[in-house]
Amino acid sequence: MKNADDAAARRDALVARHYEALPYPARAARDEKIRLIEGSPSALPEIEHWIFGGHLPARLRVLFAGGGTGDGCIMLAQQLADRGVEAQITHLDLSAPAQKIAAERAAVRGLDIRFVGGSILDVEKLGLGPFDYIDCCGVLHHLEDPAAGLAALRGTLAPGGGMGLMVYGQIGRSGVYDVQDALRLLSPEDEAPAARLGIARRLLPNLPATNRLRRNEAVNDHLVGGDAGIFDLLLHSRDRAYAIEDFVALVEDAGLGLASLIDPARYAPETYLNDPTLGRAAAALRPRERAMLAERLAGNIARHIAYVVGPDHQTPPPDPADHSLVPVWSRTGSGEMIAALGSDRVLKLSLDGLSLRFPLPQQAPAILKAIDGKAALREIARVVGPAAFDRAWPQTYAVLNGISRLFLRRP
Ligand SMILES: C[S@@+](CC[C@H](N)C(=O)[O-])C[C@H]1O[C@@H](n2cnc3c(N)ncnc32)[C@H](O)[C@@H]1O
C-alpha cells in the first residue's frame with residue numbers, strides 16, 4: 001500500500017511540474033483581441049439546451065475545474081456577458097502559470113473571473129460551491145482516481161445543475177500510448193521536461209509510416225499544439241483513455257446521468273452505416289450499445305464529451321416539436337450553413353479524418369435562412385409554409401443538432 005501511495009504521490013508531483021512548466025493549451029492573451037475560441041463542452045447554447053431545458057437560471061454559478069489557460073472559461077464568460085446573464089465564474093486549477101495566462105486573457109476582454117489555486121479533489125473543502133454548471137474538460141483522466149474527482153465535483157453541484165465533461169477516447173487515441181511507451185524508454189520520466197521534449201521532437205519525424213500514431217488522423221496536438229501539445233499528448237506522466245461504455249459507467253457510478261454525448265451524431269451508428277439490414281440491427285440496440293457500436297465503427301473519437309446531470313435534475317432537453325421554441329446557432333450562422341449545403345443540399349463534413357455526408361430536405365435552406373436566434377419555430381413555419389416546414393424540420397433539426405450546431409431556447 002505504501003509503495004502504491006508513494007507512486008501516486010510521485011505521479012502527482014510530475015503532473016504538477018508538467019503544467020507549471022507548460023501551461024495547457026499554449027495561448028497568448030493578445031489573441032483575445034482578434035478571435036474567440038469556441039468549442040465543446042461549455043458553449044452557452046449547448047449548456048442551455050442540454051442542461052437547462054432551453055432556459056437559463058437568472059443567475060448562473062459556474063466552476064471550471066482544471067480550467068487550464070482558460071479556453072472554455074473565456075468562451076463561456078464572454079458568451080454570458082454578451083447575453084447579459086448575471087454569472088459568477090470560478091476557475092480552479094493547480095497550475096499558477098496556467099491561471100496567470102487565463103487571467104490575462106480575461107483582462108483583455110474585461111471579463112470578471114474568480115481564480116482559485118487548488119485541486120478539484122478539495123473543491124468541497126475550499127467551500128467554493130454550490131455550482132449550477134461545472135466544466136471539467138481534459139482533467140479527470142489525469143487524476144490517480146478519476147471517480148474520486150468526479151465525486152468531489154458532484155458534491156458541489158447545485159440541485160438542477162449539470163456538468164460538461166471531456167475524457168480521452170481509447171479507440172480514437174490509437175497510437176498515442178505506443179509513442180508514450182517509446183518515449184519512456186528513450187527518455188526517463190524524471191528527466192527535465194525540456195530534455196524530454198527534445199527527445200520527442202527528434203522521434204516524431206523518425207516514426208515509420210506504419211506507426212499507429214502517424215496513421216491516426218484524429219489526434220494532432222503533437223503537430224499543431226507546440227511544446228505544450230507534444231508534452232500533453234506524448235510525455236504525460238498520467239493519463240488514461242476510456243471506451244465509451246467505461247466513460248458512461250464512470251458517470252453513472254458517480255450518481256450522475258447522461259443528458260447527451262457530444263456530438264450526438266457521432267454516437268449514432270446510422271451515421272456510419274448505409275446498409276438497411278445493418279441499420280435495423282443497430283436501431284434495435286440499447287442506447288449504450290448503440291454508442292459502443294458507433295465508437296467501434298468510427299474509430300476516430302479521440303475525446304468523449306458529455307453533458308451530465310444529477311439525480312434531482314428534472315428539466316428534459318427542449319422538444320423540437322414544440323413550436324414556441326427559438327432555434328439558435330452555435331459556432332456557425334445561416335449563411336455559413338447554407339453555403340456548406342451547396343446546390344445538392346448535402347451537408348459535407350470532415351470530422352477527424354472522416355468525410356461524412358448528411359442529405360437535407362428540399363426546404364432546409366429556407367428554414368436555415370430564417371433562423372436568426374430570435375424567431376420562434378412557429379414564425380419560421382409561417383415563412384416557409386406550414387406543410388413544407390413540418391416535412392423538413394425534424395430531419396433538418398436532427399442533422400444540425402446531431403453535429404452540435406443548432407440548439408433550442410425558450411423565448
Ligand atoms: C489538459 S489541461 C486542460 C485545461 C482546460 N480544461 C482545457 O480543456 O483547455 C489539464 C489542466 O488540469 C489541471 N489539473 C490537473 N490535475 C488537477 C487537479 N487535481 N486539480 C485541479 N487542476 C488540475 C492542470 O494543471 C491543467 O491546467
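If you take every DSSP beta bridge fully contained in the chain, what fraction is antiparallel? Give it as a percent rounded to 5.
Working: 22 of 43 bridges.
Bridges in the chain are about 50 percent antiparallel.
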Arrange 292, 163, 337 by Cβ neighbour counts within 10 Å, fewest through most, would you? 292, 337, 163
Give me 49, 55 sorted ascending by neighbouring Cβ count inside 10 Å, so fewest comes first. 55, 49
Under a crude label model (7 Å from the Cα following the beta-carbon direction), how far is residue 147 from residue 410 in nanometres? 3.7
Karplus-derived 3J(HN,Hα) from phi for the stretch 160-172 (6.51 cos²θ - 1.76 cosθ + 1.60, θ = phi - 60°), whole Hz, x at Gly and Pro, runs x, x, x, 9, x, 10, 9, 10, 5, x, 5, 5, x
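Report the trypsin sites (Lys or Arg not before Pro) located in the stretch 92-164 that are in a DSSP loop and have at most 13 other Cβ atoms inside 10 Å of their Cβ, or state none. Intermediate values should be presented prior to the final figure.
Working: sites: 100, 105, 109, 114, 125, 154; in loops: 125.
Those that pass, being in a loop and sparsely packed, are 125.
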Could you give the length gained by full extension between residue 319 and residue 5, i.e. 0.36 nm per residue of separation minus their alpha carbon distance, to one decimal place? 108.2 nm
Among the aspartates and glutamates, select those whose C-alpha is under 16 Å from the C-alpha of residue 2, and discard any that sit fewer than 8 residues away in the same chain. 12, 144
Hits among lysines - C-alpha to C-alpha of residue 33 under 20 Å, sequence gap 8 or more where chains match: 100
Viscosity 0.692 mPa s, temperature 37 °C: give me the Stokes-Einstein translational D for the stretch 84-204 in µm²/s, with Rh taken as the Kirkwood radius over C-alpha pairs. 191
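Can you give the local net charge around residue 118? Use residues other than it whose beta-carbon is closer than 10 angstrom to its beta-carbon, Lys and Arg +1, Asp and Glu -1. If you can, show how the numbers build up before the last one.
Working: positive: 125; negative: 93, 122.
Around residue 118, the surrounding residues sum to -1.
Give me 156, 277 ranked fewest to most by other Cβ atoms within 10 Å of their Cβ, as a rough exposure proxy.
Working: 156 20, 277 8.
Ranked by crowding around the Cβ, least crowded first: 277, 156.
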Excluding residues fewer than 8 places away in the same chain, name every one of the lysines whose C-alpha is closer than 24 Å to that of residue 374. none
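Viscosity 1.002 mPa s, temperature 20 °C: give me the Stokes-Einstein translational D for the chain in µm²/s, with Rh taken as the Kirkwood radius over C-alpha pairs. Could the numbers behind the result be given before it?
Numbers: Rh = 22.6 Å.
Rounded to a whole number, D works out at 95 µm²/s.
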The chain - charge dipole about Cα centre, Lys and Arg +1 at Cβ, Asp and Glu -1, debye rounded to 20: 960
In degrees, nearest 10, the alpha-carbon axis of helix 2-21 is tilted away from the dominant principal axis of the alpha carbons of the chain by 70
Cα-based shape type of the stretch 137-296, given that a ≥ b ≥ c are square roots of the gyration tensor eigenvalues and the cut on a/c is 1.5: oblate
Rounded, prolate or oblate: which fits the stretch 1-152, taking a ≥ b ≥ c as square roots of the Cα gyration tensor eigenvalues, rounded meaning a/c under 1.5, else prolate when a/b beats b/c? oblate
Classify the stretch 293-348 as rounded, prolate or oblate from the Cα gyration tensor: take a ≥ b ≥ c as the square roots of its eigenvalues, call it rounded if a/c is under 1.5, otherwise prolate when a/b beats b/c and oblate if not. oblate
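Read the figures in this text as sums done on the coordinates, not as results from a lab. From a predicted model like this one, the values you see are computed outputs, not experimental measurements. As a convention, Cβ positions derive from the backbone with ideal geometry for all residues, glycine included, and neighbour counts pool all protein chains shown.
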